[in-house]
1. Toward the positive end of the charge dipole of the chain, about the Cα centre and with charges on Cβ (Lys, Arg +1; Asp, Glu -1), which of Leu240, Gln66, Gly139 goes farthest?
2. So what is the relative contact order of the stretch 129-224, in percent, for Cα pairs below 8 Å that sit 6 or more residues apart?
3. Please give the length that would be gained between Glu194 and Arg57 if that part of the chain were fully extended, namely 0.36 nm times their separation in residues minus their C-alpha to C-alpha distance (nm, one decimal).
4. Determine how large the accessible area of Ser202 is when every protein chain is in place; take a 1.4 Å probe and give Å² rounded to the nearest 10.
5. Quick check: with the 1.4 Å probe, what order do Glu194, Glu124 take by accessible area, largest first?
6. Local charge sum around Thr3 (other residues, Cβ-Cβ under 10 Å, Lys/Arg +1, Asp/Glu -1)?
7. Run down the lysines and flag those whose C-alpha is under 27 Å from the C-alpha of Lys143, throwing out any fewer than 8 positions away in its chain.
8. Using the scaling law 2.2 N^0.38 Å as the reference, what is the normalised Cα Rg of the stretch 75-217?
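The values are calculated or read from the model by the stated rules, or taken from the named source; none is laboratory data. In this text, all values refer to a predicted model and were calculated from it rather than measured experimentally. Heads up, the Cβs are rebuilt from the backbone with ideal geometry, glycines too, and the neighbour counts pull from every protein chain shown. To get the accessible areas, we keep the full protein, side chains included, count just its heavy atoms, and leave off ligands, DNA and RNA. Shrake-Rupley method; radii C 1.70, N 1.55, O 1.52, S 1.80 Å.
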Amino acid sequence: MRTKIVAGNWKMNKTYKETKALVKELDHSIKDVTLSNTRVIIAPTFVNLQKASKMTRKSVIEVAAQNMHQLDSGAYTGEVSAPMIKAVHVNVVILGHSERREYFGETDALLAQKVDAALKNDLEVIFCFGEVLEDRKSGNHFKVVERQIKNALFHLDSEDWSKIILAYEPVWAIGTGETASPDQAQEMHAFIRELVAERYLSDVAEEVSILYGGSVKPGNAQEIFSKTDVDGGLIGGAALKVDDFMSIIKAI
Ligand code: 13P
């Protein structure tokens, strides 16, 4: 059975103090929830990663990094590497987020290197991709998503895929309040699963969790999560409020 996942991408939000408060509240609230076959992941900023990791050591909540450099060490001012992330007991990293692609120029080729570095260091990857509005309007959305996945992931071996989580995040739905309709999400997720099935064995495609991200809120989570090929969500804004994030977790 595919694992369901609700992951909160905190982006550039929450100071040290605020991180402590939010992790504490989440950990407290989650104790009242029965999670079956479901993982809950939060991704605070780098400076707060170690604290969040320590605070959740005995919790069901897992911690992820939001990015990492493709090399293990070196003269790369301002960067953080996979071994550094692992050293603070964080085992998951988000790669390929559209904000990284758009504002920091991350390309498919670079992301392929980052994915390799993450796997080499035994980090699980939440790999994000998704089309911009013009692609959707011009009917190119399938082509764009296919290219993003192929270029960054299709050099991997079948066994590597146990460490890959896919996250479809249409850029036009991120932080805009506009979501893909549940049917649009299902259509794309089914397309992605088929793509993986064509390249790898069908059990790789059946096992990989595909998350949807883009304005998931307590009010729309249940309907989106009810779709066959939607295995959970990557949540931005709503992951910063305990009540909203908890409602979304309960909707899975
Ligand atoms: P929002 O939920 O704020 O639209 O953000 C989605 C996202 O980018 C998660 O990575």
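1. Leu240
2. 35
3. Stretched out fully, the Glu194 to Arg57 stretch lengthens by 45.7 nm.
4. For Ser202, solvent-accessible area is about 80 Å².
5. Solvent-accessible surface, decreasing: Glu194, Glu124.
6. That works out to +1.
7. By straight Cα distance, Lys143 reaches Lys4, Lys114, Lys163, Lys227.
8. Taking the Cα Rg and dividing by 2.2 N^0.38 Å, one obtains 1.04.
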